[in-house]
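Asker: First the structure, which I've put down as structure tokens, then a few questions once you've had a look.
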Amino acid sequence: MSISRIEFERSLPAAVDNAAYAVDGNVFSHDGGGRSWRITLEPLPDRVIALLRLPRHRVGFRLDGFDAAARAAWIERFARYFQRGGG
């Protein structure tokens with residue numbers, strides 16, 4: 001994702017439906033109601049285009065206790081809250 005850690009942390013609560021989560025370094029995790037998720041951020045080198053510098057992170061997910069439909073809905077919600085307009 002082309003996003004700074006600060007921007008990621010700002011958008012995360014809405015993306016996870018305001019679920020309480022723990023932060024341990026680059027790992028954000030939630031465990032509750034028989035379902036758990038874990039998001040791992042891995043800093044990547046900035047993307048540089050002329051004078052433009054874009055921060056980047058590789059984002060990994062682990063979802064446990066979700067059936068296929070719930071997993072798809074969770075990923076869709078996450079993606080929607082991190083979607084950016086372009087043009």
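Every read-out reported here was derived from the displayed coordinates using simple, explicitly stated rules and does not represent laboratory data. All values reported here derive from a predicted model rather than from experimental measurement. Heads up, the Cβs are rebuilt from the backbone with ideal geometry, glycines too, and the neighbour counts pull from every protein chain shown.
Asker: Tell me which residues, restricted to the range 37-53, are farther than 21 Å from F78 by Cβ, part of a strand (DSSP E or B) and either without any contact (Cβ under 8 Å) to a residue 40 or more places away in the chain or among the hydrophobic types (A, V, I, L, M, F, W, C) (or both).
Answerer: Within the range 37-53, P45, D46, V48, I49, L52, R53 meet the criteria.
Asker: Say we look at the range 59-81 and pick out the residues that are among the aromatic types (F, W, Y) and either more than 24 Å from V27 (Cβ to Cβ) or under 14 Å from the mean Cα position of the chain (by Cα) (or both); which of these is surrounded by the most Cβ atoms within 10 Å (Cβ to Cβ)?
Answerer: Once the filter is applied, the top-ranked residue is F78.
Asker: Restricting to the range 13-32, give me the number of residues that are touching a residue at least 24 places away in the same chain (Cβ under 8 Å) and either under 10 Å from the mean Cα position of the chain (by Cα) or over 18 Å from Q83 (Cβ atoms) (or both).
Answerer: Going through the range 13-32 one residue at a time, the tally reaches 2.
Asker: Considering only residues of the range 1-36 that are part of a loop (DSSP other than H, G, I, E, B) and of a type in the set (S, T, Y), which is farthest from P55 (Cα to Cα)?
Answerer: Y21
Asker: Output the residues belonging to the range 24-58 that are surrounded by 11 or more Cβ atoms within 10 Å (Cβ to Cβ) and of a type in the set (V, I, T).
Answerer: V27, I39, T40
Asker: Out of everything in the range 7-23 that is over 12 Å from F78 (Cβ atoms) and touching a strand residue (DSSP E or B) at 6+ places or on another chain (Cβ under 7 Å), what residue ends up being surrounded by the most Cβ atoms within 10 Å (Cβ to Cβ)?
Answerer: Y21
Asker: Please give the number of the condition R84 fails out of (1) loosely packed, with under 10 Cβ neighbours inside 10 Å; (2) in a strand (DSSP E or B); (3) not hydrophobic (A, V, I, L, M, F, W, C).
Answerer: (2)
Asker: Further question: When the range 59-69 is examined, which residues are found to be without any contact (Cβ under 8 Å) to a residue 24 or more places away in the chain and under 16 Å from M1 (Cα atoms)?
Answerer: Correct list: G60 only.
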